[in-house]
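First comes the structure, then the notes that go with it.
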């Protein structure tokens with residue numbers, strides 16, 4: 001068997017040290033661009049391909065990070081999933097990209113810029129444990145979305161490799177995490193709806209998670225501070241518009257429609273908005289609708305969606321940053337970074353909208 005080119009051959013051809021060759025492939029941000037290009041040119045000329053497994057054996061690392069993701073439509077039974085109800089094709093702008101996709105892009109971009117490979121996986125409730133365990137065995141650190149795997153499985157994995165969860169904690173947690181300022185975002189939104197629009201009757205629409213519960217708690221606190229009634233949240237399911245249509249029909253028949261639906265995320269808000277329009281209930285003239293996230297669909301629906309914007313790409317990038325920092329210099333306690341949000345005032349609350 002003919003022996004292939006080695007790192008020493010590349011270093012000699014490029015006129016650099018073997019450490020520089022290694023950094024050019026594994027941590028390109030640490031190498032000057034002109035030097036990196038010389039190394040890559042030399043490698044290309046020689047036909048050299050770095051061995052990730054060899055680097056891993058030398059360092060006890062794989063050079064890869066993992067992301068355990070999900071598609072919210074795949075979490076619903078097929079019979080309950082209406083994939084063509086609103087916009088037509090299942091990959092239309094109302095369904096992609098959503099929050100999870102925007103965050104995943106941030107993870108991908110940061111891994112690329114930091115010289116890490118990325119392994120992405122997912123699964124339903126039945127297959128999730130096996131799928132995430134398989135990923136965890138192949139990477140140096142793992143990023144997970146909230147409630148994608150059982151807490152006990154997460155604890156077992158985090159005892160072996162660093163894990164970052166993208167959610168507010170539910171009780172005490174030893175995980176690293178990235179969160180956004182849910183409470184501040186909701187307070188800004190509610191003060192606008194109450195103070196500017198003079199709405200008095202609200203309904204919160206959500207699927208219970210740690211983040212949506214934090215948003216509901218902040219929403220309830222603002223209503224209570226203004227002496228307004230607080231109703232239990234209305235449980236909807238994005239992607240299952242028939243459920244939303246039935247709930248809204250019941251409210252309409254009973255004369256219980258609110259002044260404003262405050263939705264815990266934009267996916268639900270878009271479904272509520274489109275369902276109201278289909279039922280002949282004008283938005284925002286009769287009922288206002290707001291969301292939380294800042295996904296693309298909110299700018300494309302009519303009326304455009306008033307929402308609280310999260311820095312979705314930055315969430316993903318920050319999670320990667322935490323993992324790499326932890327691998328380099330493990331912190332004494334779990335890292336927790338909270339990112340700011342901003343209010344995007346558009347047409348669905350009754351405003352003229354902003355130029356975004």
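Out of the range 166-193, which residues are over 18 Å from residue 215 (Cα atoms) and buried (at least 21 other Cβ atoms within 10 Å of the Cβ)? Don't jump to the end; show me each part of the working.
Step one: of the range 166-193, the residues over 18 Å from residue 215 (Cα atoms) are 172-176.
Residue satisfying the conditions is 176 alone.
Can you tell me which residue is modelled with the lowest pLDDT among those in the range 16-50 that are surrounded by 13 or more Cβ atoms within 10 Å (Cβ to Cβ) and assigned to a loop (DSSP other than H, G, I, E, B)?
50
Looking only at the range 214-224, decide whether some residue is under 11 Å from residue 265 (Cα atoms) and either in the same structural domain as residue 276 (by TED's automatic domain parsing) or touching a helix residue (DSSP H, G or I) at 6+ places or on another chain (Cβ under 9 Å) (or both).
Keep residues of the range 214-224 that are under 11 Å from residue 265 (Cα atoms), which gives 215.
Keeping just the survivors that are either in the same structural domain as residue 276 (by TED's automatic domain parsing) or touching a helix residue (DSSP H, G or I) at 6+ places or on another chain (Cβ under 9 Å) (or both) gives 215.
The answer is yes, given that some residue of the range 214-224 is under 11 Å from residue 265 (Cα atoms) and either in the same structural domain as residue 276 (by TED's automatic domain parsing) or touching a helix residue (DSSP H, G or I) at 6+ places or on another chain (Cβ under 9 Å) (or both).
Out of curiosity, is residue 133 outside the structural domain of residue 276 (by TED's automatic domain parsing), at pLDDT 80 or above and either more than 28 Å from residue 214 (Cβ to Cβ) or assigned to a loop (DSSP other than H, G, I, E, B) (or both)? Don't jump to the end; show me each part of the working.
Details: outside the structural domain of residue 276 (by TED's automatic domain parsing): yes; at pLDDT 80 or above: yes; either more than 28 Å from residue 214 (Cβ to Cβ) or assigned to a loop (DSSP other than H, G, I, E, B) (or both): yes.
Yes: the conditions hold for residue 133.
Cβ-Cβ distance below 7 Å, separation of 6 or more or different chains: which pairs start in the range 225-251 with a residue that is at pLDDT 90 or above and end on one that is part of a helix (DSSP H, G or I) and surrounded by fewer than 16 Cβ atoms within 10 Å (Cβ to Cβ)?
Once the first residue is at pLDDT 90 or above and sits in the range 225-251, its partners that are part of a helix (DSSP H, G or I) and surrounded by fewer than 16 Cβ atoms within 10 Å (Cβ to Cβ) give 230/224.
If we scan the range 86-99, do we find a residue that is outside any loop (DSSP other than H, G, I, E, B), modelled with pLDDT of 85 or more, within 25 Å of the chain's Cα centre (by Cα) and in the same structural domain as residue 176 (by TED's automatic domain parsing)?
Going through the range 86-99, the residues outside any loop (DSSP other than H, G, I, E, B) turn out to be 99.
Imposing the further condition that a residue be modelled with pLDDT of 85 or more reduces the set to 99.
Filter once more, so that each one left must be within 25 Å of the chain's Cα centre (by Cα): 99.
Within this subset, residues satisfying the condition of being in the same structural domain as residue 176 (by TED's automatic domain parsing) are 99.
Yes: one or more hits.
Out of the residues in the range 103-130 that are more than 20 Å from the chain's Cα centre (by Cα) and not in a helix (DSSP H, G or I), which is farthest from residue 25 (Cα to Cα)?
It comes out as 126.
Specify which of the listed residues (147, 138, 187, 198) is more than 16 Å from the chain's Cα centre (by Cα), assigned by TED's automatic domain parsing to the domain that holds residue 104 and outside any strand (DSSP E or B).
Details: 147 fails: more than 16 Å from the chain's Cα centre (by Cα); 187 fails: assigned by TED's automatic domain parsing to the domain that holds residue 104; 198 fails: assigned by TED's automatic domain parsing to the domain that holds residue 104.
That would be 138, the only listed residue that is more than 16 Å from the chain's Cα centre (by Cα), assigned by TED's automatic domain parsing to the domain that holds residue 104 and outside any strand (DSSP E or B).
The values are calculated or read from the model by the stated rules, or taken from the named source; none is laboratory data. Since we're looking at a predicted model, the values are computed, not measured. All Cβ positions, even for glycine, are placed from backbone atoms using ideal geometry, and neighbour counts span all protein chains on display.
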